[in-house]
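Heads up: the structure comes next, in structure tokens.
The values are calculated or read from the model by the stated rules, or taken from the named source; none is laboratory data. On a predicted model such as this, the values are computed, not experimentally measured, just so you know. With ideal geometry, Cβ positions are generated from the backbone for all residues, glycine too; neighbour counts draw on all protein chains shown.
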Amino acid sequence: MRLHWKEDCYVELDFPNAYKSMVSFAVLEKNPYYISEVEEMEVVEDELDSIQKEVLISQLKSEINEALESMDSQRFMELTNRLKELEDE
């Protein structure tokens, strides 16, 4: 706090039943830097989805390489179509 004394400082105080009194409700202000657990879980889920997508793309590319090496054109076409669909998402 001493190093950034010109910046806003937010302090969170937890009062039981604070929202029951309209007087205390009027002075409550949300902390703009606070990330709720729901938002945190959404961020984690988004990251996990992107990691899962990257892994699937990597697996498809290796399967495509195997199909090319074995000269299996039908398997190659199936895998490339799945790869295109996955990359378009």
**OP:** Write out, first by first residue and then by second, each pair whose Cβ atoms fall under 9 Å of each other, whose residues are 6+ apart or on separate chains, and whose first residue, in the stretch 36-61, is over 30 Å from Arg75 (Cα atoms) and surrounded by 10 or more Cβ atoms within 10 Å (Cβ to Cβ) while the second is of a type outside the set (Lys, Arg) and modelled with pLDDT under 90.
**Re:** Val43/Ile35
Original post:
Among the residues of the stretch 1-36 satisfying the criterion of being at pLDDT 75 or above and of a type in the set (Phe, Trp, Tyr), which is nearest to the chain's Cα centre (by Cα)?
Top reply: Tyr10
